[in-house]
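A.B. asks: One structure follows; several queries about it will come next.
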Amino acid sequence: MNNHVAILTGDIINSRSIATQDWLTQLKAILILYGDTPKQWEIYRGDSFQLEVTPLKALETAILIKAALKQHKNLDVRISIGIGPKEYNAEKITESNGVAFIRSGEAFHEMKKQTLIINTAQPKLNETLNLMLKLGLLTMDNWQPATAQTVMVALTNPLAQQKDLAKQLGKSQSTISEALLRAGFDEISQLLAYYAKNITNNDTFTT
């Protein structure tokens with residue numbers, strides 16, 4: 001379990017709809033929270049990226065990236081999460097290798113309309129999590145910029161109360177409450193709790 005990692009492979013949807021610097025700055029601000037480039041993360045081919053995080057943080061990180069990018073109208077992101085061993089540790093993440101990378105790449109190439117997918121060693125867990133994600137994405141894929149901003153701030157300040165979020169965003173508490181309700185934030189929190197409970201089960205890491 002100790003050498004298991006989560007690899008997020010992603011690309012930006014409609015990246016050409018706004019100036020590159022606008023979304024690139026937003027993306028880098030999130031990626032840099034998890035380490036340095038190019039060891040832990042790298043942006044390549046213009047609008048694609050790869051990021052290594054702990055398995056426990058993978059889903060929350062993917063949703064945080066989505067919230068960051070959806071602050072721009074018409075922008076979205078596709079992300080596949082692969083969990084497993086990392087056998088080769090290169091200076092650049094795009095040159096590292098292992099089961100986690102393979103699972104992430106396979107899942108990414110199999111993605112159709114779904115914008116977030118998970119691939120672990122456990123088919124039943126994959127099926128459950130991906131069904132939950134499909135339902136969650138019915139809401140997340142339709143976040144408006146102000147809603148996405150509220151979600152991002154809530155995720156990066158997990159101990160903050162709504163009044164604290166309101167102060168940080170310069171909005172009323174009722175506006176924050178309504179935004180989190182529209183975002184399905186309670187349901188997302190339940191999804192993250194379910195994920196955390198199941199992803200820390202040793203059986204998840206059977207290769």
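A.B. asks: Apply the Kirkwood formula to the stretch 87-207: the hydrodynamic radius equals the inverse of the mean of 1/r over all pairs of different alpha-carbon atoms; give it in Å with one decimal. Spell out each step's value before the answer.
C.D. replies: Values: mean 1/r = 0.0602 Å⁻¹.
After inverting the pairwise mean of 1/r, the radius is 16.6 Å.
A.B. asks: If you line up the Cα atoms of the stretch 28-71 on their principal axes, what length do they span on each, largest first, in Å?
C.D. replies: Sorted from largest, the Cα extents of the stretch 28-71 read 25, 23, 14 Å.
A.B. asks: In square angstrom, what is the accessible area per residue of the chain with a 1.4 angstrom probe? Please list the in-between numbers first.
C.D. replies: Working: 10590 Å² over 207 residues.
I get 51 Å² per residue for this part.
A.B. asks: How far, in nm, would the chain grow between D36 and N198 when pulled straight, counting 0.36 nm per residue and subtracting the alpha carbon separation? Intermediate values should be presented prior to the final figure.
C.D. replies: Values: separation 162, 0.36 × 162 = 58.32 nm, distance 2.83 nm.
Extra length available between D36 and N198 comes to 55.5 nm.
A.B. asks: Follow-up. Based only on Cα atoms, what mean projected area does the convex hull of the chain have, in nm²?
C.D. replies: On the way: hull surface 43.8 nm².
Directional mean of the projected Cα hull area for the chain stands at 10.9 nm².
A.B. asks: Checking the table K70/K112; K28/K197; K66/K167 against a 26 Å threshold on Cα-Cα, which pairs fail? Spell out each step's value before the answer.
C.D. replies: Details: K70/K112 19 Å; K28/K197 29 Å; K66/K167 23 Å.
Over 26 Å Cα-Cα: K28/K197.
A.B. asks: Based on Cα positions only, what radius of gyration and what Dmax would you give for the stretch 27-122, in angstroms?
C.D. replies: 12.8, 39
A.B. asks: Please find the FRET efficiency linking S189 to S17, where r is the Cβ-Cβ separation and R0 is fixed at 22 Å, and quote it to the nearest 0.05. Spell out each step's value before the answer.
C.D. replies: Working: r = 30 Å, r/R0 = 1.37.
Here the calculated transfer efficiency is 0.15.
A.B. asks: Pick from P158, P55, P38 the residue whose mean-square fluctuation is largest in a GNM of the chain, springs joining Cα atoms under 10 Å.
C.D. replies: Among P158, P55, P38, the largest GNM mean-square fluctuation belongs to P158.
A.B. asks: I've got another one for you. Within the stretch 52-171, what whole-number % of the accessible surface is contributed by carbon and sulfur, with the 1.4 Å probe and all protein chains included in the calculation? Don't skip to the end; give the middle numbers.
C.D. replies: Working: 3010 of 5770 Å².
So the carbon and sulfur contribution to the accessible surface is 52 percent.
A.B. asks: How big is the C-alpha Rg of the stretch 119-172 next to the rule-of-thumb value 2.2 N^0.38 Å, as a ratio? Write out the running numbers ahead of the final one.
C.D. replies: Working: Rg = 15.3 Å, N = 54, 2.2 N^0.38 = 10.0 Å.
Its radius of gyration relative to the 2.2 N^0.38 Å reference: 1.53.
A.B. asks: Give the cross-link partners of K163 among the lysines, using a straight C-alpha distance below 18 Å as the criterion and excluding same-chain residues fewer than 8 apart.
C.D. replies: Hits, sequence-local ones excluded: K171.
A.B. asks: Compute for the stretch 56-108: radius of gyration divided by Kirkwood radius, i.e. Rg/Rh, restricted to C-alpha atoms, rounded to two decimals. Working shown, then result.
C.D. replies: On the way: Rg = 13.1 Å, Rh = 12.4 Å.
Rg/Rh: 1.06.
The values are calculated or read from the model by the stated rules, or taken from the named source; none is laboratory data. Just so we're clear, the structure is a prediction, and the values are computed from it rather than from any experiment. Neighbour counts are summed over all protein chains in view; Cβ atoms, including those assigned to glycine, are modelled from backbone coordinates with ideal geometry. We work out accessible area using only protein heavy atoms, side chains counted, and drop any ligands, DNA or RNA first. Shrake-Rupley method; radii C 1.70, N 1.55, O 1.52, S 1.80 Å.
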